[in-house]
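> Below is the structure I would like to discuss, written out as structure tokens.
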Amino acid sequence: MKTQLLTATIVATLAATVALADKVTLVSGSTLTGTAGDFSGGKLKFTSDDLGDLTIDVKKIASLESDKMHVVRYRDMSVSSVPVTVVDGEYQVAGAALDMANVKDLDPAPEAWHGSVNFMGTVTRGNTVGESATITADVRRRWEKDRFTANGGYYYAASGDSKKDKQKTTSRFELLAQEDHFWTQKFYSYVNGKYETDRVMDLEYRWRLGLGGGYQWLENDDFGFGKVSFNQEVGLSYVGEKYEHDSDDKYGAFRYAHHLSWEIAAIENLTFAHNLEWLPQVDDWADNYIIDADAGIVYQFSANWQLIAKVEWDYKSQVSDGVKHSDLRYILGLGYTW
């Protein structure tokens with residue numbers, strides 16, 4: 001009798017375990033049982049009883065049977081926790097299709113600081129003697145209503161026919177920080193500041209403080225060819241600058257900027273980015289202005305390492321005598337991300 005009771009208990013326990021197991025049926029007809037994890041980037045993390053940890057493309061799922069609660073963050077930044085399943089490659093809640101046009105993301109990562117440090121360096125010996133080094137870094141964080149970004153860099157290069165006649169060709173430092181506050185889903189106000197020096201351009205310093213408004217047209221919106229983010233900003237800045245042979249100057253400036261990021265779907269982990277900033281002096285906008293622009297790609301080849309290739313262009317309409325108006329920099333380097 002005891003043996004029969006023990007057997008019945010084991011069978012009931014096994015049956016309950018099977019009933020509680022999550023089940024994925026693929027479009028190919030294959031079936032997996034195990035434990036469903038989070039959704040991320042159109043994929044489902046799934047721990048199979050037989051195969052271990054897997055990442056499954058949602059579009060390849062014919063059905064997902066699971067009671068797991070998932071966090072849905074909508075475009076108005078509201079959040080709900082509901083059981084999300086998949087039928088024929090589409091997300092469903094309570095038997096109805098989830099309107100992804102109103103969803104910002106599923107199972108968003110916890111708010112945390114992210115950033116990177118990137119390095120590029122060269123050394124040449126022979127007919128030309130020279131060295132170059134570039135170090136750039138950035139940090140960023142996104143809250144429900146606020147966003148903070150900061151980045152900076154140091155650029156150095158020197159070359160010549162020998163060590164004795166080697167001269168600096170680049171010696172630049174810059175640091176920028178900006179805080180955004182979102183008043184609606186798309187509209188935000190900002191405050192920012194920047195400091196820079198460029199010894200080769202005879203720029204002892206240039207600082208500026210600014211405020212204005214921006215519009216987040218796109219934020220990680222998926223168009224099939226990749227996720228795209230794009231925002232534009234307009235505002236006012238107060239600029240102070242001093243060149244080596246000139247007196248210091250202070251003036252007000254208008255500011256226009258835009259920022260584009262495109263995670264290319266055709267090449268996994270490859271992102272294209274472009275930024276532009278234009279600051280014309282308020283009372284002399286046609287003759288005195290600053291333009292900063294860059295464009296490049298980042299390839300994330302592992303969880304914490306990336307390759308970066310970009311072009312940066314700085315232009316100043318009014319400079320000291322004998323100094324060129326623009327600087328063009330080509331950057332190819334290795335970066336650590338977190």
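> Within the range 164-184, count every residue that is within 19 Å of the chain's Cα centre (by Cα) and either within 19 Å of Thr136 (Cα to Cα) or part of a loop (DSSP other than H, G, I, E, B) (or both).
Number of matching residues: 4.
> Restricting attention to the range 25-43, which residues are of a type in the set (Val, Ile, Thr) and over 14 Å from Lys60 (Cα atoms)?
Thr33, Thr35 - these are the residues of the range 25-43 that are of a type in the set (Val, Ile, Thr) and over 14 Å from Lys60 (Cα atoms).
> If you take the residues in the range 203-248 that are free of Cβ contacts under 8 Å to residues at least 40 places away in the same chain and outside any strand (DSSP E or B), which one is nearest to Asp76 (Cα to Cα)?
Phe223
> Has the range 92-99 got at least one residue that is under 20 Å from the mean Cα position of the chain (by Cα) and on the phi < 0 side of the Ramachandran plot?
Applying the first criterion (under 20 Å from the mean Cα position of the chain (by Cα)) to the range 92-99 yields none.
So far as the range 92-99 goes, no, none of its residues is under 20 Å from the mean Cα position of the chain (by Cα) and on the phi < 0 side of the Ramachandran plot.
> Please work out if Lys316 is buried (at least 16 other Cβ atoms within 10 Å of the Cβ), in contact with a strand residue (DSSP E or B) (Cβ under 6 Å, 6 or more places away or on another chain) and touching a residue at least 60 places away in the same chain (Cβ under 8 Å).
Yes; evaluated as a whole, the condition is true for this residue.
> Of all the residues that make up the range 59-77, how many are β-branched (Val, Ile, Thr) and more than 27 Å from His181 (Cα to Cα)? Let's see the steps before the verdict.
Filtering the range 59-77 down to residues β-branched (Val, Ile, Thr) leaves 61, 71-72.
Next, from what is left, pick out any that are more than 27 Å from His181 (Cα to Cα): 61.
Of the residues in that region, 1 qualify.
> How many of the residues making up the range 68-89 are closer than 18 Å to Ala36 by Cα, out of contact with any helix residue (DSSP H, G or I) (no Cβ under 8 Å at 6 or more places or on another chain) and not hydrophobic (A, V, I, L, M, F, W, C)? I'd like the intermediate steps shown before the answer.
Step one: filter the range 68-89 for residues closer than 18 Å to Ala36 by Cα, giving 68-72, 81-89.
Pick out the ones that are also out of contact with any helix residue (DSSP H, G or I) (no Cβ under 8 Å at 6 or more places or on another chain) and you get 68-72, 81-85, 87-88.
With not hydrophobic (A, V, I, L, M, F, W, C) added as a condition, the list becomes 68, 70, 81, 83, 85, 88.
Count: 6.
> State all residues of the range 160-173 that are more than 13 Å from Val200 (Cα to Cα) and touching a Ser or Thr at 6+ places or on another chain (Cβ under 8 Å); if no residue qualifies, say none.
Gly160, Asp161, Lys166
> Let me ask another. When you scan the range 1-58, how many residues do you find that are modelled with pLDDT under 90 and farther than 22 Å from Glu268 by Cβ?
22
> Restricting attention to the range 283-313, which residues are surrounded by 13 or more Cβ atoms within 10 Å (Cβ to Cβ) and within 27 Å of Asp248 (Cα to Cα)?
Asp284, Trp285, Asn288, Tyr289, Ile290, Ile291, Asp292, Ala293, Glu312, Trp313
> Hey, another quick one. Output the residue which, of all residues in the range 101-150 that are of a type in the set (Gly, Ala, Ser) and more than 19 Å from the chain's Cα centre (by Cα), is surrounded by the fewest Cβ atoms within 10 Å (Cβ to Cβ). Break it down into steps so the answer makes sense when it comes.
So in the range 101-150, the residues of a type in the set (Gly, Ala, Ser) come out as 101, 109, 112, 115-116, 121, 126, 130, 132-133, 137, 150.
So of that shortlist, the ones also more than 19 Å from the chain's Cα centre (by Cα) come out as 101, 121, 126, 130, 132-133.
Working: Ala101: 7, Gly121: 13, Gly126: 5, Gly130: 17, Ser132: 16, Ala133: 16.
Checking each candidate, the answer is Gly126.
> Which residue is farthest from Lys242 (Cα to Cα), if the candidates are limited to the range 319-329 and must be surrounded by 15 or more Cβ atoms within 10 Å (Cβ to Cβ) and touching a strand residue (DSSP E or B) at 6+ places or on another chain (Cβ under 6 Å)?
Among those residues, the one meeting the criterion is Arg329.
> Another one. Give the residue, chosen from Ser159, Ser66, Ser81, that is surrounded by 12 or more Cβ atoms within 10 Å (Cβ to Cβ) and assigned by TED's automatic domain parsing to the domain that holds Gly37.
Every option except Ser66 fails the conditions.
> Just checking, does the range 321-328 include any residue being closer than 25 Å to Thr271 by Cβ and assigned by TED's automatic domain parsing to the domain that holds Glu263?
Looking through the range 321-328, at least one residue is closer than 25 Å to Thr271 by Cβ and assigned by TED's automatic domain parsing to the domain that holds Glu263.
> Next question, about the same structure. Please return the ranges of strands (runs of 3 or more DSSP E) entirely within the range 91-163 where 3 or more residues are more than 29 Å from Asp222 (Cβ to Cβ).
In the range 91-163, 114-124, 129-142, 146-160 are the strands (runs of 3 or more DSSP E) which contain 3 or more residues that are more than 29 Å from Asp222 (Cβ to Cβ).
> Are any residues in the range 249-268 assigned to a loop (DSSP other than H, G, I, E, B), within 16 Å of the chain's Cα centre (by Cα) and of a type in the set (A, V, I, L, M, F, W, C), and if so, which ones?
Ala265
The values are calculated or read from the model by the stated rules, or taken from the named source; none is laboratory data. Nothing here was measured: the structure is a model prediction, and the numbers come from that model. Cβ coordinates were reconstructed from backbone atoms using ideal geometry, including for glycine residues, and neighbour counts include every protein chain displayed.
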